[in-house]
1. Being surrounded by 13 or more Cβ atoms within 10 Å (Cβ to Cβ) and farther than 30 Å from ARG30 by Cα, is that true of even one residue in the stretch 109-116?
2. Scan the stretch 24-58 residue by residue and report those that are at pLDDT below 75 and of a type in the set (A, V, I, L, M, F, W, C).
3. Within the stretch 134-153, restricting attention to residues that are of a type in the set (S, T, N, Q) and under 17 Å from the mean Cα position of the chain (by Cα), which residue is surrounded by the fewest Cβ atoms within 10 Å (Cβ to Cβ)?
4. When the stretch 118-138 is examined, which residues are found to be part of a helix (DSSP H, G or I), of a type in the set (A, V, I, L, M) and touching a residue at least 12 places away in the same chain (Cβ under 8 Å)?
5. For the stretch 42-95, which positions are under 23 Å from the mean Cα position of the chain (by Cα), of a type in the set (Ser, Thr, Tyr), in a loop (DSSP other than H, G, I, E, B) and under 15 Å from ILE125 (Cβ atoms)?
6. Sort out which residues of the stretch 84-95 are of a type outside the set (Val, Ile, Thr) and either exposed (fewer than 13 other Cβ atoms within 10 Å of the Cβ) or touching a strand residue (DSSP E or B) at 6+ places or on another chain (Cβ under 9 Å) (or both), and write them in order of number.
Amino acid sequence: MGYGIPVDLFPFTETGNAKTKNLFLFLKARKAIEQMEDQKRRNNDRTPVELIECPCMTDVVYKVGTSSTSHPGNVMFRDLLEENFVEYNTTLVHSGKQTVITRIIDGVKERNGRFLEWDSRGVWIVITDPVQIRAKVANSLLYYKRMISAKQNMQSSKSSTFIFERQDGRKRKRGDDGEEPSTCHCK
């Protein structure tokens, strides 16, 4: 009797070993959250620090050393960068650039997204400081600008192998230098 849980959903490998990696990651995150909450209670710290175990689909995540480009929230964020990039890049006035940054931040928040940063203890921390969020969005725009100019500067080389074809129409085969094979192997 399975008690309503399908057997194929049990976290076991084909050989019967239990899969524990995700369980240990979850326990590490919960331990970090509980330790930070205990530390805040002991210090009577009332500043809100929101810790997240798993980001939502609309969250923009920043994690050093790994590529988070495939996260759905980062894909949405990149779309917002692309939509507003031309205006940001052509605006010369600092206040105009800040307006574009604010529009991008508001676009993320309209979709119920948050800006999250990975903590070394194994949890995501919600970035609440507006200055830090603005700096991250500005850096993302600069990175996008570098990426666009790198694509434009990339040289396209068109290579073809037609020059390696023989004049008689036959393709050259390995070891074929165009001479008839010799029947005598002694020279």
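The values are calculated or read from the model by the stated rules, or taken from the named source; none is laboratory data. None of these values were measured; they are calculated from a predicted model. With ideal geometry, Cβ positions are generated from the backbone for all residues, glycine too; neighbour counts draw on all protein chains shown.
1. no
2. VAL49
3. Start the filter on the stretch 134-153 by keeping residues that are of a type in the set (S, T, N, Q), which leaves 139-140, 149, 152-153.
Imposing the further condition that a residue be under 17 Å from the mean Cα position of the chain (by Cα) reduces the set to 139-140.
Numbers: ASN139: 11, SER140: 19.
Among those residues, the one meeting the criterion is ASN139.
4. Start the filter on the stretch 118-138 by keeping residues that are part of a helix (DSSP H, G or I), which leaves 130-138.
If we keep only those that are of a type in the set (A, V, I, L, M) too, we end up with 131, 133, 135, 137-138.
Of everything in the stretch 118-138, those that are part of a helix (DSSP H, G or I), of a type in the set (A, V, I, L, M) and touching a residue at least 12 places away in the same chain (Cβ under 8 Å) turn out to be ILE133, VAL137, ALA138.
5. Passing the criteria: only SER68.
6. Quick first cut of the stretch 84-95, residues of a type outside the set (Val, Ile, Thr) only: 84-85, 87-89, 92, 94-95.
Residues satisfying the conditions are LEU92, HIS94, SER95.
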